[in-house]
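Everything below concerns the one structure shown next.
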Amino acid sequence: MNFDYEDALDYSSRWLDVIHKNEFPSVEEAHRIIDESKRNFAEYYNRNWLEYRKSVTESGDWAAVEWGGSGAVFKDVLGREYLDFLGGFGMMDLGWSHPDVVKTVRSQLERSPMPSQELLDQGARRAGKTAGIHHARRIEIQLVRRERHGSQ
């Protein structure tokens, strides 16, 4: 798909409008979002992976495309609710939209949304160290559990 400058502006403007909405899209708009998300995933990410994603293969007529959530519950663009059992994946350790995480991310974005390629980026280094400590602790906990339960 070839875009000219005006097409790119229109396309990004349309998606920015969707991102800034607080309310759920209409069913018609949700279906367009789902179709376009699947098409973009196939064309620009990994076409073959779609056939293995449960959000596509096991969600009925319309694939599940996330909209937002709070704590352990999130909703897709059609308003269907899900209990998030993948918690603990990266920034989701504290659940969806945890107020402390949102506040911290917002503060960092307001200060410096993207680090310079030349200057040292303090935020990424702190995040890297914190993630390393966190994941090392999780591995340690798993090893202790294995020792206690005698599994290899």
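The values are calculated or read from the model by the stated rules, or taken from the named source; none is laboratory data. Worth saying up front: this structure is predicted, and the values here are computed from it rather than measured. All Cβ positions, glycine included, derive from the backbone under ideal geometry; neighbour counts span all protein chains shown.
Numbers for the structure displayed
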| quantity | calculated |
| --- | --- |
| Of residues in the stretch 34-70 being of a type in the set (Lys, Arg) and in a helix (DSSP H, G or I), the one surrounded by the most Cβ atoms within 10 Å (Cβ to Cβ) | LYS38 |
| In the stretch 11-27, the residues that are within 14 Å of LEU78 (Cβ to Cβ) and of a type in the set (Ser, Thr, Tyr) | SER26 |
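Each row is one residue, and each column tells you yes or no for (1) touching an Asp or Glu at 6+ places or on another chain (Cβ under 6 Å); (2) free of Cβ contacts under 8 Å to residues at least 12 places away in the same chain; (3) among the hydroxyl-bearing types (Ser, Thr, Tyr); (4) not assigned by TED's automatic domain parsing to the domain that holds GLU81.
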site: TYR11; (1), (2), (3), (4): no, yes, yes, no
site: ARG14; (1), (2), (3), (4): no, yes, no, no
site: ASP17; (1), (2), (3), (4): no, yes, no, no
site: ASN22; (1), (2), (3), (4): no, yes, no, no
site: ALA30; (1), (2), (3), (4): no, no, no, no
site: GLU36; (1), (2), (3), (4): no, yes, no, no
site: TYR52; (1), (2), (3), (4): no, yes, yes, no
site: VAL56; (1), (2), (3), (4): no, no, no, no
